[in-house]
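The values are calculated or read from the model by the stated rules, or taken from the named source; none is laboratory data. Keep in mind the model is a prediction, meaning the values are calculated, not measured. Virtual Cβ from ideal backbone geometry, glycine too; neighbours counted across all protein chains shown. Surface accessibility is based on the protein's heavy atoms, side chains included, excluding ligands, DNA and RNA. Shrake-Rupley method; radii C 1.70, N 1.55, O 1.52, S 1.80 Å.
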Number of protein chains: 2
Amino acid sequence: LGAIVYSMYTDDTIKTEAPTIAEKDSILKRENGISEQSPMRLRMEQFIKQHQKQIVAELEKVDGQRFIVDTWERPEGGGGISCVLQDGNVFEKAGVNISVVYGRLPRPAIMKMRANHKALDPDVESLEFFASGLSMVLHPKNPLAPTVHLNYRYFETADEQGNTNAWWYGGGCDLTPSYLFDEDAIHFHKTIKAACDKHDKAYYPRFKKWCDQYFNNTHRGETRGVGGIFFDDLDHTEKDQEQLFSFVQDCLSAFLPSYIPIINRRKDMPFTEEQKQWQQLRRGRYVEFNLVHDRGTAFGLQTPGARVESILMSLPLTARWQYMHAPEKGSREERLLEVLKNPREWV
Amino acid sequence: LGAIVYSMYTDDTIKTEAPTIAEKDSILKRENGISEQSPMRLRMEQFIKQHQKQIVAELEKVDGQRFIVDTWERPEGGGGISCVLQDGNVFEKAGVNISVVYGRLPRPAIMKMRANHKALDPDVESLEFFASGLSMVLHPKNPLAPTVHLNYRYFETADEQGNTNAWWYGGGCDLTPSYLFDEDAIHFHKTIKAACDKHDKAYYPRFKKWCDQYFNNTHRGETRGVGGIFFDDLDHTEKDQEQLFSFVQDCLSAFLPSYIPIINRRKDMPFTEEQKQWQQLRRGRYVEFNLVHDRGTAFGLQTPGARVESILMSLPLTARWQYMHAPEKGSREERLLEVLKNPREWV
């Protein structure tokens, strides 16, 4: 999740004399506000803040209950807003978080990132960086309504003069049903594909595949859910910054139309106690992916001083592990497993 | 967990011409039975099988329900017995597993193990090995009754002539209450300490500390529970094989007297819905440790073809994650957290 991935790279013990980009941005924002001429850092921050508000407002309409809003600041610059709805009418647990982080990358982190970003200077002890993103996980109560996850993020490093050096975007969204309704998976993928196609016809197939590969409980040979898109390290070698920002904006804007129709048609469907139990087992698989395989979670939890409650907000309220559970032959539960073992093309 | 740690090292693609130790042991067992003159492999196998039966029988008396017994074999030699009781009267989930594994260690695993075992030949492509152990996790239903975990294992490698090369013991046991009764923690630690003291007065303090360090949710700054003992890599540089085997036998034999009195006095105590919820949150922490930090689980899940259901049998039937949960000031829940943040000396 966003908040976390970033915090891993922060080493607060490294200090420099020059004004930081955090300080510069703070002055810029106060004196000029934010416009299309502002640095991407401020534009991304403004964009995710607006979308967090909009998403939270729409989800409150669906649920009928209000989110709790936690605002936190980082002494070195930046901070975050965690919006959480727990044990609501529709959502068992829903979290919509943004984080904006200014800090310094220590050398080992730089060397790791250089694999994908050659612009990073290999000859410095540390580099100033900026990271911001919106992260969301929604776990509905109704076992017929799917869980959804989304994360879009922007990362940037600065040289010693405070000028942008390397930058990139990452993110994606994916759907995790306990009971598969083909029409839901098709609608979700179609909406995302339309957002991708506006920018590059190759994006959807490429990022859909990446998603199936990433959100994979390899130890069980099952994807986490029916996928969506996933991408990382999109930088100047891919497209120019304006084009990629516009792509990420369209992806994030596609979220509400991709999910709201699904949750609205599933949230009040009658279900059985057996279906609820199956959902709980699938929640267990979700926990397995996030704690065993998800890189952001792993790195976050290794970071001293990380905000653990924001990192683990992605976990469901309740989960279950049952020894040797196997669905009945020909059941809907078995069909879901077949699709998770052999990811399908939905569009 | 035993079953798992071992399977990681197995590379079934490597074949040799000479008779394997699995084949030799099979003949030895058939022709001579098992006595004090038998190889340690066979004596350890016999010992953990006997104890599995005894422990399962005693736990069935406590619960009133029977364990399900799953027996599995490995084509290369060895196999395991998984005894599981799920949704019983006293236990939400109880697993008592043994595994006996013969296989070949690939070079990367040898190089890793050489850090602690210099006898391992660094100049071979692979080495034959044997591993056996008993693993157990009991999650009671009553939130006032503690979860307990135990694992004792023996590992051995053979040279090309099938003679024992390196060997070592590992294991331990630890108690994880949701509600802390000092008398339970004291009884548990006292019983283990007595078993340790028979062999070496330095063992209990040394292995108690190791346990607090190992079973630690470092991302939360909390130990998993109130500890017990943990040790690994005990070989000829520690004591001779007979002495260590005798030590491990006494440790395992101490389990029933260390835990049965505790479960018997807690299993029927009245409890509230709030206490059950707190137990569910603590179950979540248990899942976090096992999936994020436990080395055996991590390696097991990375092993192609590992028996995932045996590895994850350690997870509770149900668990819960609640955003920003904090116990009330001065409550029993808060006192538990204080003890987990600052491990105590119980004896």
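Has the stretch B:282-291 got at least one residue that is more than 30 Å from A:Ser314 (Cα to Cα) and more than 16 Å from the chain's Cα centre (by Cα)?
Of all residues in the stretch B:282-291, those more than 30 Å from A:Ser314 (Cα to Cα) come to none.
No, there is no match, as no residue in the stretch B:282-291 is more than 30 Å from A:Ser314 (Cα to Cα) and more than 16 Å from the chain's Cα centre (by Cα).
Which one of these does B:Ser246 not meet: (1) closer than 19 Å to B:Leu134 by Cα; (2) buried (at least 20 other Cβ atoms within 10 Å of the Cβ); (3) in contact with a His (Cβ under 8 Å, 6 or more places away or on another chain)?
(2)
In the set B:Val56, B:Val90, which member is modelled with pLDDT of 95 or more and touching a Cys at 6+ places or on another chain (Cβ under 9 Å)?
Numbers: B:Val90 fails: touching a Cys at 6+ places or on another chain (Cβ under 9 Å).
The match here is B:Val56.
Within the set of pairs 6 or more residues apart or between chains, which connect a residue that is under 19 Å from B:Gln249 (Cα atoms) inside the stretch B:172-191 to a residue that is in a loop (DSSP other than H, G, I, E, B) with Cβ atoms less than 6 Å apart?
B:Asp174/B:Phe215; B:Asp174/B:Gly225; B:His189/B:Trp346; B:His189/B:Val347; B:Lys190/B:Val347; B:Thr191/B:Ala254
B:Pro257 - would you say it is surrounded by fewer than 21 Cβ atoms within 10 Å (Cβ to Cβ) and under 18 Å from the mean Cα position of the chain (by Cα)? It would help to see each step written out before you state the result.
Numbers: surrounded by fewer than 21 Cβ atoms within 10 Å (Cβ to Cβ): yes; under 18 Å from the mean Cα position of the chain (by Cα): yes.
So B:Pro257 passes the test.
Check the stretch A:68-75 and report whether any residue there is at pLDDT below 90, among the hydroxyl-bearing types (Ser, Thr, Tyr) and out of contact with any Ser or Thr (no Cβ under 6 Å at 6 or more places or on another chain).
no
What number of residues within the stretch A:68-98 are assigned to a strand (DSSP E or B) and open to solvent by 50 Å² or more (accessible area, probe 1.4 Å)? Please lay out each step first, then the result.
Filtering the stretch A:68-98 down to residues assigned to a strand (DSSP E or B) leaves A:68-73, A:78-86, A:91-98.
Within this subset, residues satisfying the condition of being open to solvent by 50 Å² or more (accessible area, probe 1.4 Å) are A:68-69, A:71, A:73.
Total satisfying the criteria: 4.
Out of all the residues in the stretch A:295-325, which are surrounded by fewer than 15 Cβ atoms within 10 Å (Cβ to Cβ) and either facing chain B (nearest Cβ under 10 Å) or among the polar types (S, T, N, Q) (or both)? So that I can check it myself, show each step before the final result.
Pass one, the stretch A:295-325, residues surrounded by fewer than 15 Cβ atoms within 10 Å (Cβ to Cβ): A:295, A:302, A:304-305, A:324-325.
Listed by number, the residues that qualify are A:Gln302, A:Pro304, A:Met324, A:His325.
Filter the stretch A:268-289 for residues that are polar (S, T, N, Q) and open to solvent by 10 Å² or more (accessible area, probe 1.4 Å); which is nearest to the other protein chains (Cβ to nearest Cβ)?
Initially, the stretch A:268-289 is screened for residues polar (S, T, N, Q), giving A:272, A:275, A:277, A:279-280.
From the residues that got through so far, the ones that are open to solvent by 10 Å² or more (accessible area, probe 1.4 Å) too are A:272, A:275, A:277, A:280.
Values: A:Thr272: 18, A:Gln275: 17, A:Gln277: 10, A:Gln280: 7 Å.
The selected residue is A:Gln280.
Could you run through the stretch B:296-332 and say how many residues are out of contact with any Leu (no Cβ under 9 Å at 6 or more places or on another chain) and of a type outside the set (A, V, I, L, M)?
Total satisfying the criteria: 13.
Is it the case, given these coordinates, that B:Arg282 is in contact (Cβ under 8 Å) with a residue 60 or more places away in the chain, basic (Lys, Arg), part of a helix (DSSP H, G or I) and within 22 Å of B:Met136 (Cα to Cα)?
Working: in contact (Cβ under 8 Å) with a residue 60 or more places away in the chain: yes; basic (Lys, Arg): yes; part of a helix (DSSP H, G or I): yes; within 22 Å of B:Met136 (Cα to Cα): yes.
When the stated conditions are applied, B:Arg282 passes them.
Per-residue answers, yes or no, for (1) away from chain B (no Cβ under 14 Å); (2) touching an Asp or Glu at 6+ places or on another chain (Cβ under 8 Å); (3) in contact (Cβ under 8 Å) with a residue 24 or more places away in the chain:
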residue: A:Gly221; (1), (2), (3): no, no, yes
residue: A:Phe231; (1), (2), (3): yes, no, yes
residue: A:Asp235; (1), (2), (3): yes, no, yes
residue: A:Asp240; (1), (2), (3): yes, no, no
residue: A:Leu244; (1), (2), (3): yes, yes, yes
residue: A:Leu252; (1), (2), (3): yes, no, yes
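I'd like the full set of residues that are open to solvent by less than 30 Å² (accessible area, probe 1.4 Å), of a type in the set (A, V, I, L, M, F, W, C) and touching a Lys or Arg at 6+ places or on another chain (Cβ under 8 Å), limited to the stretch A:16-49.
Selection gives A:Ile21, A:Leu42.
What tally of residues in the stretch B:213-230 results from selecting those that are outside any loop (DSSP other than H, G, I, E, B) and surrounded by fewer than 23 Cβ atoms within 10 Å (Cβ to Cβ)?
Qualifying residue count, the stretch B:213-230: 6.
Taking the stretch A:154-164 only, how many residues are charged (D, E, K, R) and open to solvent by less than 10 Å² (accessible area, probe 1.4 Å)? Give the derivation first.
Going through the stretch A:154-164, the residues charged (D, E, K, R) turn out to be A:156, A:159-160.
Narrowing the set further to residues that are open to solvent by less than 10 Å² (accessible area, probe 1.4 Å) leaves A:156.
Total satisfying the criteria: 1.
Identify all residues within the stretch A:137-153 that are crowded, with 24+ Cβ neighbours inside 10 Å, closer than 16 Å to B:Tyr323 by Cβ and of a type in the set (A, V, I, L, M); write none if there are none.
Across the stretch A:137-153, the qualifying residue is only A:Leu138.
Take the residues in the stretch A:161-184 that are assigned to a loop (DSSP other than H, G, I, E, B) and in contact with a Phe, Trp or Tyr (Cβ under 9 Å, 6 or more places away or on another chain), then tell me which one is nearest to A:Met269 (Cα to Cα). Please lay out each step first, then the result.
Taking the stretch A:161-184 and keeping what is assigned to a loop (DSSP other than H, G, I, E, B), we get A:161-163, A:177-181.
Filter again for in contact with a Phe, Trp or Tyr (Cβ under 9 Å, 6 or more places away or on another chain), leaving A:178-179.
On the way: A:Ser178: 14, A:Tyr179: 12 Å.
Checked the stretch A:161-184; the qualifying residue nearest to A:Met269 (Cα to Cα) is A:Tyr179.
Looking at (1) in a loop (DSSP other than H, G, I, E, B); (2) open to solvent by less than 40 Å² (accessible area, probe 1.4 Å), which is the only condition A:Ile55 fails?
(1)
Residue check: is A:Trp167 of a type outside the set (A, V, I, L, M), open to solvent by 60 Å² or more (accessible area, probe 1.4 Å) and in contact with a strand residue (DSSP E or B) (Cβ under 8 Å, 6 or more places away or on another chain)? Explain how you work it out, then say what you get.
On the way: of a type outside the set (A, V, I, L, M): yes; open to solvent by 60 Å² or more (accessible area, probe 1.4 Å): no; in contact with a strand residue (DSSP E or B) (Cβ under 8 Å, 6 or more places away or on another chain): yes.
Judged against the criteria, A:Trp167 is not a match.
Given (1) within 14 Å of chain A (Cβ to nearest Cβ); (2) on the phi > 0 side of the Ramachandran plot, identify the lone condition not met by B:Gly330.
Evaluating B:Gly330 over (1) within 14 Å of chain A (Cβ to nearest Cβ); (2) on the phi > 0 side of the Ramachandran plot leaves (1) as the failure.
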